[in-house]
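We did not get these values from a lab; they are worked out from the coordinates using the rules stated. Everything numeric here is computed off the predicted structure, so don't read it as measured data. Neighbour counts run over all protein chains shown; Cβ positions are idealised from the backbone, glycine included.
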Amino acid sequence: MPSLARLTLALALLAVFSRPAHAYIDPSTGSYVLQILVAGFLGAMFALKVFWHRIVGLFQNLTSRSKPGAPSVPEPSDPSESSASGGPTES
Amino acid sequence: MIDPASFRDPSGFVFRRQGRLLRQVNASYRVDYDALIGSGLYRKLVEAGLLIPHEELTDEPGASDSAYKVLAPSEVPFLSYPYEWCFGQLQDAALATLECQRLALEHGMVLKDASAYNIQFVEGRPLLIDTLSFERYVEGPPWVAYRQFCQHFLAPLALASYADIRLLALASRYIDGVPLDLASALLPARSRLRLGVLLHLHLHARSQKKYADESRETTAKVRARRPVTRQQLFGIVDNLKSSVFGLTWRPAGTEWGDYTGTTHYSASDRAEKERLVASYLERSGAKRVLDLGANTGVYSRVAARLGCRVISCDGDPAAVEKNYRLAREERTEARGLAVHPLLIDLTNPSPALGWASRERPSWNERASADAVMALALVHHLAIGNNVPLERIAEFLRSLAPTAIVEWVPKKDPRVQQLLAAREDVFPDYSRGGFEAAFERFFEIEARDRLGATERSFYLLNSKDAL
């Protein structure tokens, strides 16, 4: 089955790395490379941020339960915070 | 007729039929368009006030054989371009673009372009007007529009914030955004201390230079070695958001709350001026108003309170910024109060730009109204820029059939200030000269003196239906 395995791998790679059909602007090689280089770091920072917001949220939920009437979810004051709290939960 | 700016993206184009603006979706974009609607992303973006709503026209034929659908987008009352926006407008447009990308990623799609020209301000809010900017997300490749976003938004914002606010004008020279090597060269060394500016501008520029001559194979190899996950794309978008949000600008030595621009009236004169302007506007019955030399938009708001839609232009970045900040507050407080601030130097308004000079029409081509207001402006043009009074009258007439003009005489301290260091070569700058010049194009319907001052106001109606 090595040929089938190779074919599966090739198809998988094709699916993963094929250029999107409608990418009509030049992404620029240097811009791609930079994103690949910083992606791990920024991804990790983002994961930490989401994690931190969850901890804070959990803590606020606990304290608001002891104080009836207090808002359970804080209003996001800056858009980067709202994106962190509203980020993907499933990934 | 196909819109002259609508040629880059093969997914579709914008055209006009019997005066109506329509958007054709090409068959090649079918699956992505269906995904936009089917994934719920379209509804989510429209509800969030981020994407222009449209209606699908089932009976309307396309403008070419390749049509899959024809859309009727809702109307954008006035088109403005990034080089006409103040700092806050460009910043809000950048944040709106990133929010579109974030929501797209949540719905299994991605923004395939991040052009600042895809954003228009409608009811004071930045709105993505290109419905065909999304495509299905495939995990692996980095964000295709990252370079464009950095060039169109991050570079000019960082330059304005760290170097000089006047560098926002670079956008009019570079139609695809400020080249990153140029931005990196112009930014001061201390800008490297901000992570976002360091990564997305300085290192980005260096990476572009390093890989400038690499082949397609190299790109494919790099991508194959280290795919970018969806979580990492969220990370990039989130960091871009913080980077954009963290950039600030304020004029030297002022706090926004204290900034009043240049007003030189006593409280009673100011109230009288507001009353006069309001009564002239009511008499004219104008619905669309152009306020030239609007400063922070005090009289634009007099017009807006009467139900007019106002384009509020000034050449001072601080005044326009203040005006926009007010407009943004009003947007949340009272919907419908429509003041659209723009950064326009009237002595040199935006030219026609882009391919064949037809992609982005000049300011003069776009600016038209029922009434034009020129309050405390004529002396700046006539003495500050040596424009003969007759040409000023002709210019105002080209913009609107009604003009509301304030006359500031030569002995006024503001005019004397303009003449302080120069010879008075303006023998015609007199009330008589002003009226004679304007009467070539307008009838004087009303003329009032402002309180005890020497300043006068004119309500002028065009002599002919041009």
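Put a plus charge on the Cβ of each Lys and Arg, a minus charge on the Cβ of each Asp and Glu, and nothing anywhere else: the dipole of chain B about its Cα centre is then about 1200 debye. Per residue of A:45-51, other chain Cβ atoms within 10 Å of the residue Cβ number 4 on average. Computed from the Cβ-Cβ distance with R0 of 56 Å, the FRET efficiency linking residue B:44 to residue B:283 stands at 0.75. Remark: the stretch B:267-462 carries a charge dipole of roughly 500 debye about the Cα centre, counting +1 on each Lys and Arg Cβ and -1 on each Asp and Glu Cβ.
Protection proxy ranking, highest mean first, for peptides B:401-412, B:183-194: B:401-412, B:183-194, where packing is the per-residue count of other beta-carbon atoms within 10 Å, averaged.
Once Lys and Arg get +1 and Asp and Glu get -1 on their Cβ, which of B:220, B:108, B:93 lies farthest toward the positive end of the dipole of the stretch B:82-246? Selected residue: B:220. Ranking B:363, A:36, B:407 by how far each Cα lies toward the positive end of the dipole of the protein assembly as shown (charges on Cβ) leaves A:36 at the top.
In chain B, the calculated helix contribution to ellipticity at 222 nm averages -10500 deg cm²/dmol per residue, counting -39,500 (n - 2.57) for every DSSP H run with n ≥ 4. Each of B:278, A:46, B:416 was placed along the dipole of the protein assembly as shown (beta-carbon charges, centred on the mean Cα), and the one lying farthest toward the positive end is A:46. In this simple spin-label model, placing a label point 7 Å from the Cα along the Cα-to-Cβ direction at both residue B:464 and residue A:23 gives a separation of 5.7 nm.
Beta-bridge orientation, the stretch B:267-462: approximately 45 percent antiparallel, per DSSP, counting only bridges with both partners inside. Counts of other chain beta carbons within 10 angstrom of each beta carbon in peptide B:238-249 average 4. Note on B:143-152: average number of Cβ atoms from other chains within 10 Å of each residue's Cβ is 5. Amide hydrogen proximity for residue B:291: with H placed 1.01 Å from N in the peptide plane, the residues at 5 or more positions away or on another chain lying under 5 Å are B:311, B:312, B:313, B:373.
Consider all pairwise Cα distances in the stretch B:267-462 and report the whole-number % of them above 27 Å. Value for the stretch B:267-462 (Cα pairs over 27 Å): 28 percent. Note on the stretch B:82-246: Kirkwood hydrodynamic radius from all Cα pairs is 16.3 Å, rounded to one decimal. When each of B:428, B:59 is scored by the number of other beta-carbon atoms lying within 10 Å, the sequence from fewest to most is B:59, B:428.
Counting only DSSP beta bridges with both residues in chain B, the antiparallel share comes to about 65 percent.
Among beta bridges identified by DSSP and lying wholly in the protein assembly as shown, the antiparallel ones come to about 65 percent. What you get for the stretch B:327-414, charging only the Cβ of Lys and Arg (+1) and of Asp and Glu (-1), is a dipole of about 120 debye around the Cα centre. Backbone N atoms of the stretch B:366-388 closer than 16 Å to the 7 Å Cα→Cβ label point of residue B:428 belong to residues B:378-388.
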